[in-house]
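Data block below; observations after.
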C-alpha cells in the first residue's frame, strides 16, 4: 500500500497485528475522552498563513540537554514494543539514530537497555518508581553505565487506569483457558506476525526487570504485575532519592498543571513533559495541547518543556512548538510504523514528519524552528488570536 501519512501506517499496523496488540497501542482509559481530546484539540488550532517571507532556507535543527538533533522530536517510551516487531525497540532505536533524533526506551520494554545500546546510540531511559528500591538503584546504575543520557521519570501512574479495550481483546482479561484460546486464535490469524515476532523474536520478557524481579520474566499477567510493583506512595520528596542515584538530566513526564510544573522544578527536574499518558490514565482530564501554554508560561524557560499526546503530523508538531514546547514526543505514531514495517516503517514515519514540519514552517513564514512562537497561531477552535488569556505564554 502507499504510505503517505501516519494514518496509513496505522492502517497497515492494524492489519498486521493481532487485535489484542493493536488495541493495546490504540486504546485509552475508560471511555477514551481524553484520548480523543488530544487529537481533536490539536485539529481545532488554526495557523496564520504568511506569504512573501523568503523561506528558501529553513532549519528544523535544535538541541536538548546540549545534544544537537535534526528536528525537535523524541520517540516516546512505548511499552512492549518488542511485541510489535522482532526485537522492536532495537529496530526503532536504529531508525531514530539514522534520523538524528533521540529514542527513549520504556522500562517495560522487551529489549533491555544493553541490547538497545548495542544496536544504536544509547537511548534515553524511562522509569517508574518501583517498590524494590534496591533493584531500582541497580537499574539506574546500569542505565548510566550503558550511556543513557537522560532519565525520563514517569509520575502519572500511581495506579493503572481501566482500559476496556484490553479486557475485551483478552490482553488484560483474567488468566485461564478461555483467555488463552482467545489470544491464540487472534495470533494464529496473523501468521506473518507469528513468524516474525512470536517465533523468531524471543525472549518475550521485560528485558529490564526480568534479571531482578522473577515475575517479570513472563508477560502473561502484565497488568497485575504493574499494579503490584509500581509505587503508589510516590511524592515530590522521592526526586531527591532518584537524584542520589542519577547525576544526568532528569525529565519529569506526566505534568498537566502549572502548579505541578513549579513543584517539579523545585524538586530538581531538568525538564518536563506535558503528558496525560496518551489518554491512558485519567479519563476526562485535559488534552495536553490545551494546558501546554499555561505550563510553558509558568516555566518561563527555566527548563525545557516537551509535550506528547495526539501528535500525528508535522503541522501538529509546529502547533505544539508555537504554543511553548521545545520539542515534541511521539508514541503511537512510531509504534504504528514499527508494527507495520519494522525499523523501515519507523524511519518512514520520521521522514514524513520532517517533511511535513518543513512544509508547515514554510507556509507560516517560519524559517527557524527554534523561533516558532504564538504569532504563528490564528485561532484556537473559534477563539481568535495567539495571546488570549487561556493561551498566553508561548515559548
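The values are calculated or read from the model by the stated rules, or taken from the named source; none is laboratory data. None of these values were measured; they are calculated from a predicted model. Virtual Cβ from ideal backbone geometry, glycine too; neighbours counted across all protein chains shown.
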Mind checking which residues of the stretch 222-243 are surrounded by fewer than 16 Cβ atoms within 10 Å (Cβ to Cβ) and either modelled with pLDDT under 75 or not in a loop (DSSP other than H, G, I, E, B) (or both)? 223, 224, 227, 228, 240, 241, 243
From (1) more than 25 Å from residue 274 (Cβ to Cβ); (2) under 24 Å from the mean Cα position of the chain (by Cα); (3) outside any helix (DSSP H, G or I); (4) without any contact (Cβ under 8 Å) to a residue 40 or more places away in the chain, pick out the condition that doesn't hold for residue 174. (2)
Contact list, first residue from the stretch 269-292 and within 17 Å of residue 166 (Cβ to Cβ), second anywhere and not in a loop (DSSP other than H, G, I, E, B), beta-carbon distance below 6 Å, six or more apart or interchain, is 279/34; 279/35; 279/38; 283/33; 283/34
The residue from 98, 90, 149, 120 that alone is buried (at least 22 other Cβ atoms within 10 Å of the Cβ) and closer than 21 Å to residue 330 by Cα is 90
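Can you name the helices (runs of 4 or more DSSP H) wholly within the stretch 75-158 that have at least 2 residues being over 24 Å from residue 198 (Cα atoms)?
Values: elements: 88-99, 113-119, 133-145.
Ranges flagged: 88-99, 133-145.
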Residue among 106, 112 that alone is touching a strand residue (DSSP E or B) at 6+ places or on another chain (Cβ under 6 Å) and either in contact (Cβ under 8 Å) with a residue 60 or more places away in the chain or within 18 Å of residue 204 (Cβ to Cβ) (or both): 106
Where the second residue is modelled with pLDDT of 95 or more and outside any loop (DSSP other than H, G, I, E, B) and the first is at positive phi and surrounded by fewer than 16 Cβ atoms within 10 Å (Cβ to Cβ) and lies in the stretch 366-381, which pairs have Cβ atoms under 6 Å and are six or more apart or on separate chains? 381/44
Test residue 47 against the stated conditions and say whether it is under 29 Å from residue 365 (Cα atoms), in contact (Cβ under 8 Å) with a residue 60 or more places away in the chain and out of contact with any helix residue (DSSP H, G or I) (no Cβ under 8 Å at 6 or more places or on another chain). no
Among 92, 85, 96, 81, which is the only one that is under 18 Å from residue 9 (Cα atoms) and more than 16 Å from the chain's Cα centre (by Cα)? 85
All but one of (1) out of contact with any helix residue (DSSP H, G or I) (no Cβ under 8 Å at 6 or more places or on another chain); (2) free of Cβ contacts under 8 Å to residues at least 40 places away in the same chain; (3) buried (at least 17 other Cβ atoms within 10 Å of the Cβ); (4) part of a loop (DSSP other than H, G, I, E, B) hold for residue 56; which doesn't? (3)
